[in-house]
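Chemist: Okay, here's the structure, questions in a sec.
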Amino acid sequence: MGDCRTSCSALRQGMSAFFNMPAVEKLLEDKGLAHAEISALRELVQLEWVHFDTVQGMSGRAACQDDAVGFFVHRVAQYLSFPRESIMAVRDDVVAADAAGRNVIREKYARMMEATDPVAFARDWSGRLEAPSPVKRCVLDEIEGTLRSMLDIARCELPATAQHVRGSITQPKLISSIGYYVCEIQSYSLSTLRCLRDGLRRQLSDHVNPVLDTYVNAVLIQRVLEA
């Protein structure tokens, strides 16, 4: 138990070091994040990194689990791009799940397996994940529909980038980009999902595209870390 606490503390501190960089602090402030949102984002990404570290794949530990820079870049880029009002709500959900002994990152990959490898899912996860209620399923479908419109726009505006990301249709052994995100958010509470749905709808109406912005913000964060 002591070794586990020490390891988790070291992982959190390692991720926190990125947030403590003056250039990163300035970037988050320039992006308009309030102090409370930055604090929530820090806590959220730290805890996700701890959860990610403990996930065991079919072939053992993946190389990306030792890439702290890549994890920081992609998680922060996503949270900067998607509805800001969801940051604190997602943080609260992930913290509550952790307190209940749940690992939302592990749950995300399990749900991906349900789509890409149903035989393995039935063998290893059947009955272990709570199925979405009809109301929650409806909100997830609404989020998926909005994201599909945004993804289509992003593919038109950044066709070269689109060639290097997940496809738009889930196939055996390969989940789509939208499917990946929907698997991630299924662990969230209904109130958080509604917050995301409403925020994404506003972004679409305002011609703000978080799919496109995630690409751009990832490059920006990477440059800040390398400066």
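The values are calculated or read from the model by the stated rules, or taken from the named source; none is laboratory data. The structure presented is a predicted model; accordingly, all values stated were derived computationally and were not measured. Reconstructed Cβ throughout: ideal geometry from the backbone, glycine too, with neighbour counts over all protein chains shown. For the accessible areas, the whole protein counts, side chains as well, though only heavy atoms, and no ligand, DNA or RNA atoms are used. Shrake-Rupley method; radii C 1.70, N 1.55, O 1.52, S 1.80 Å.
Chemist: Kindly rank 139-147, 78-86 from highest to lowest mean number of other beta carbons found within 10 Å of each residue.
Modeler: On the way: 139-147: 18.0, 78-86: 19.7.
Answer by packing, highest mean first, reads 78-86, 139-147.
Chemist: In terms of the ratio Rg/(2.2 N^0.38 Å) built on C-alpha atoms, what value belongs to the chain? Let's see the in-between values first.
Modeler: On the way: Rg = 17.3 Å, N = 227, 2.2 N^0.38 = 17.3 Å.
Taking the Cα Rg and dividing by 2.2 N^0.38 Å, one obtains 1.00.
Chemist: Also: Using just the helices of the chain, give the 222 nm mean residue ellipticity in deg cm²/dmol: DSSP H runs with n ≥ 4 each add -39,500 (n - 2.57), and the total is spread over all residues, rounded to 500.
Modeler: Numbers: 12 runs with 164 residues, N = 227.
Roughly -23000 deg cm²/dmol at 222 nm, from the helical runs in the chain.
Chemist: Pick out, from Ser39, Ala99, Leu220, the residue whose Cα sits farthest towards the positive end of the charge dipole of the chain, with +1 on the Cβ of Lys and Arg and -1 on the Cβ of Asp and Glu.
Modeler: It is Ala99, whose Cα lies furthest towards the positive end.
Chemist: Also, quick follow-up: Hey, what did the range 2-226 get for relative contact order, percent, Cα under 8 Å, at least 6 apart?
Modeler: Numbers: 206 pairs, mean separation 62.3, N = 225.
Rounded, it is 28 percent for the range 2-226.
Chemist: Now for a separate question. What percentage of the solvent-accessible surface of the chain, computed with a 1.4 Å probe over protein heavy atoms, is contributed by carbon and sulfur atoms? Walk me through the intermediate numbers first.
Modeler: On the way: 6510 of 11700 Å².
Roughly 56 percent of what the probe reaches on the chain is carbon or sulfur.
Chemist: Now for a separate question. With a probe of 1.4 Å, find how much accessible area the range 2-226 has per residue, and write the answer as a whole number in Å². Don't jump to the answer; show the numbers that get you there.
Modeler: Details: 11430 Å² over 225 residues.
Using a 1.4 Å probe on heavy atoms only, each residue of the range 2-226 averages 51 Å².
Chemist: Another question about this same structure. Please list 196-204, 117-125 highest first by mean number of surrounding beta-carbon atoms within 10 Å per residue.
Modeler: 196-204, 117-125
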